[in-house]
Amino acid sequence: MTDYNGKSVFKGIAIGKITVYKRTSVSVKSYTVSDRYEELERFYCAKETAASQLDELYTLAINEVGGEDAAIFMIHMMMMEDFSFLSSIEHLISDGGFNAEYAVSVTGQSFFDMFQSMDDPYMQARSADVKDITTRLLDILGGIKEQKISSDEPAIVIADELSPSETVRLASGNIIAFATAGGSASSHTAILARSMKMPSVVGAPIEITPDLNGKTAVIDGYDGKIYIDPDERFIALMLRKQADEERKFALLLEFRGKENITADGRKIDIFANAGRMADIDDALENDAGGIGLFRSEFIYLSRDNFPTENDLFEVYKAAAEKMRGKEVVIRALDVGADRRMEYYGLPNERNPALGCRGIRYLLNRPDIFKAQLRAIYRAAAFGQVSVLYPMVSTVVDAGRIRKINDETVGELKAEGIPIGDVRQGILIETPSAVIISDLLARDADFLSIGTNDLAQYTMVMDRENSLMNDFFDPINISLFRMIKMVIDNAHRYKKRAAVCGEMAADLSLTKILVAMGIDQLSVVPSEILPLRKEVCGINIGEIGDETLQQLWT
């Protein structure tokens, strides 16, 4: 038996025969065309065919994964119509005299490299979308028909990489799981696999060879592993693990509908973090008390210009209505030089983590800020909506936010537009915000602690830098002391204190956070029921005072 470690995309265990998938590659050669106008027409025809294929995929995806994730293929259409993308291809053909294949290949590689070079994982993952579009155009130009992956019996696909368009066809091809040598857990391929509830692993260093065809494989989506040629004893072991996991999940379902009350009677709110509309559905399915952090950057990152107030309003209204009266905390736009599109108008910064990001960007662009606030206030007429301001570092920041917020409310009222009450929250992500959290809590409605960035800024370490792995400690004493200070300052003014970073989902720390006095924990939807089970078993009196005091005094 051979085993490989990768990154889990969807938890679950699948056992089946391997189907190796190798994408037919087009060999692109450069040559000078005799009729540049005719070559341009050939490219435009290929683009029209690609648009037709994407439209078909969009319809298929709606049936397989729902409209929200099907929008991936709408994004592909938008990227294919991008002015910079098209003008580069047209320039190479009309001015350079190159063949369409070469023009598409060079342009696609340039855009692929651009996305790959970005610091933000979301933007890096978009490089796979560029590759998918480029491959589609090259296949059409080369006369290669769309490849389909299917099997006569339930099978596991092993491939170098799968594009979103290949992934969405798996469900109708008798495929029960997949593993890829490349790929990212934040890619559109991964998003589709999760929506399809298909056990899958990416980034497993498998050598993809034809002799793997027909061999038995096990995909363990819990541990992010794939096993090839396991013996019967190991298969039996994995079947027991599968049964155990299903049993654990069934036990967790017993906590659906229960209150989050500790054994000694303290109530803790358990909310969900959401980065897209589909997460709202997952939050409801997992019985979330509300949405504690709604990251709406996806509305901005999938476009080539700023969304309008109405664009934002429609998304926020849909989220508020879906949550049926439960609170939705919308984070104000958190972009910077490390998470941006060209239309943001930001210069390159030597250290984007310390630059124009979060509220700093919005205060420099009150037009963008007001458009989002207007959409939030309008959506609040349809549900319980709050706003959370990221990267607030000074009382001056808070004062400027208040001024713009008051102006926005006044303008909406003057225009006679229906609005709702919006609670105001401050996201505590910097040591400076911790130190002045008493002043921030005085005027805010609640404080929410972003432990990911707070840990990074406290230790002055890039948590994405692999060289820091031996030094980065996201749960060190300094961080606990800061969290305790924020909680105490919030409670001094009878305000709510929440944690919405990764620490909230670490069940080994739940008891400590509850003992500190945290009011709310916000986690990814799949962690809600395990966290509720943990909270219900906590008895604060059983935690030694001496142990806790060491953490924050």
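Overview of values
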{"read-out": "Selection count where residues are touching a residue at least 24 places away in the same chain (Cβ under 8 Å) and either closer than 23 Å to Ala70 by Cα or open to solvent by 20 Å² or more (accessible area, probe 1.4 Å) (or both), scope segment 143-155", "value": "9"}
{"read-out": "Selection from segment 176-205 of residues that are open to solvent by less than 20 Å² (accessible area, probe 1.4 Å), at pLDDT below 90 and β-branched (Val, Ile, Thr)", "value": "Thr189"}
{"read-out": "All helices (runs of 4 or more DSSP H) inside segment 66-150 with 3 or more residues being of a type in the set (Val, Ile, Thr) and within 30 Å of Ile299 (Cα to Cα)", "value": "100-116, 121-142"}
{"read-out": "Answer residue from segment 304-318, given it is over 19 Å from the mean Cα position of the chain (by Cα) and not in a loop (DSSP other than H, G, I, E, B) and is surrounded by the fewest Cβ atoms within 10 Å (Cβ to Cβ) among those", "value": "Asn310"}
{"read-out": "Pairs with Cβ under 6 Å, 6+ apart, first in segment 255-275 and under 15 Å from Gly537 (Cα atoms), second open to solvent by 30 Å² or more (accessible area, probe 1.4 Å) and of a type in the set (S, T, N, Q)", "value": "Ala263/Asn539; Asp264/Asn539"}
{"read-out": "Scan of segment 505-553 for residues that are modelled with pLDDT under 85 and open to solvent by less than 60 Å² (accessible area, probe 1.4 Å), ordered by number", "value": "Ile540, Ile543, Gly544, Leu548, Leu551, Trp552"}
{"read-out": "Verdict on Ser172 being open to solvent by 30 Å² or more (accessible area, probe 1.4 Å) and part of a helix (DSSP H, G or I)", "value": "yes"}
{"read-out": "Tabulated pairs, segment 426-438, first within 18 Å of Leu333 (Cα to Cα), second among the polar types (S, T, N, Q) and surrounded by 24 or more Cβ atoms within 10 Å (Cβ to Cβ), C-beta under 9 angstrom, 6+ apart or interchain", "value": "Ile426/Ser437; Ile426/Ser448; Leu427/Ser448; Ile428/Ser437; Ile428/Ser448; Glu429/Thr451"}
{"read-out": "Of all residues making up segment 443-464, the number that are at pLDDT 90 or above and either loosely packed, with under 15 Cβ neighbours inside 10 Å or touching a His at 6+ places or on another chain (Cβ under 7 Å) (or both)", "value": "0"}
{"read-out": "Flag for Lys248 being at pLDDT 85 or above, of a type in the set (Lys, Arg) and either more than 17 Å from Gly12 (Cα to Cα) or open to solvent by 40 Å² or more (accessible area, probe 1.4 Å) (or both)", "value": "no"}
{"read-out": "Segment 268-293, subset more than 14 Å from Val535 (Cβ to Cβ) and assigned to a loop (DSSP other than H, G, I, E, B), residue least open to solvent (accessible area, probe 1.4 Å)", "value": "Gly290"}
{"read-out": "Among residues of segment 151-165, those that are under 20 Å from Gly221 (Cβ atoms) and outside any loop (DSSP other than H, G, I, E, B), counted", "value": "6"}
{"read-out": "Residue within segment 256-267 that is touching a helix residue (DSSP H, G or I) at 6+ places or on another chain (Cβ under 6 Å), in a loop (DSSP other than H, G, I, E, B) and among the hydrophobic types (A, V, I, L, M, F, W, C) present", "value": "no"}
{"read-out": "Number of positions in segment 402-439 that are closer than 17 Å to Lys495 by Cα, over 27 Å from the mean Cα position of the chain (by Cα) and part of a helix (DSSP H, G or I)", "value": "4"}
{"read-out": "Those residues of segment 379-425 which are without any contact (Cβ under 8 Å) to a residue 24 or more places away in the chain and hydrophobic (A, V, I, L, M, F, W, C), in sequence order", "value": "Val396, Ala414"}
{"read-out": "Filter result (of a type in the set (S, T, N, Q) and either touching a Cys at 6+ places or on another chain (Cβ under 7 Å) or open to solvent by 10 Å² or more (accessible area, probe 1.4 Å) (or both)) within segment 122-142", "value": "Gln124, Thr134, Thr135"}
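Residue by residue, here is whether (1) modelled with pLDDT of 90 or more; (2) surrounded by 13 or more Cβ atoms within 10 Å (Cβ to Cβ) holds:
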| site | (1), (2) |
| --- | --- |
| Asp3 | no, yes |
| Phe10 | no, yes |
| Tyr21 | no, yes |
| Ser27 | no, no |
| Thr49 | yes, yes |
| Ile62 | no, yes |
| Gly66 | no, yes |
| Ala70 | no, yes |
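The values are calculated or read from the model by the stated rules, or taken from the named source; none is laboratory data. None of the values given here were measured: they were computed from a predicted structure. Positions of Cβ are backbone-derived with ideal geometry, glycine not excepted, and every protein chain shown enters the neighbour counts. What goes into the accessible areas is simple: the full protein's heavy atoms, side chains included, and nothing from ligands, DNA or RNA. Shrake-Rupley method; radii C 1.70, N 1.55, O 1.52, S 1.80 Å.
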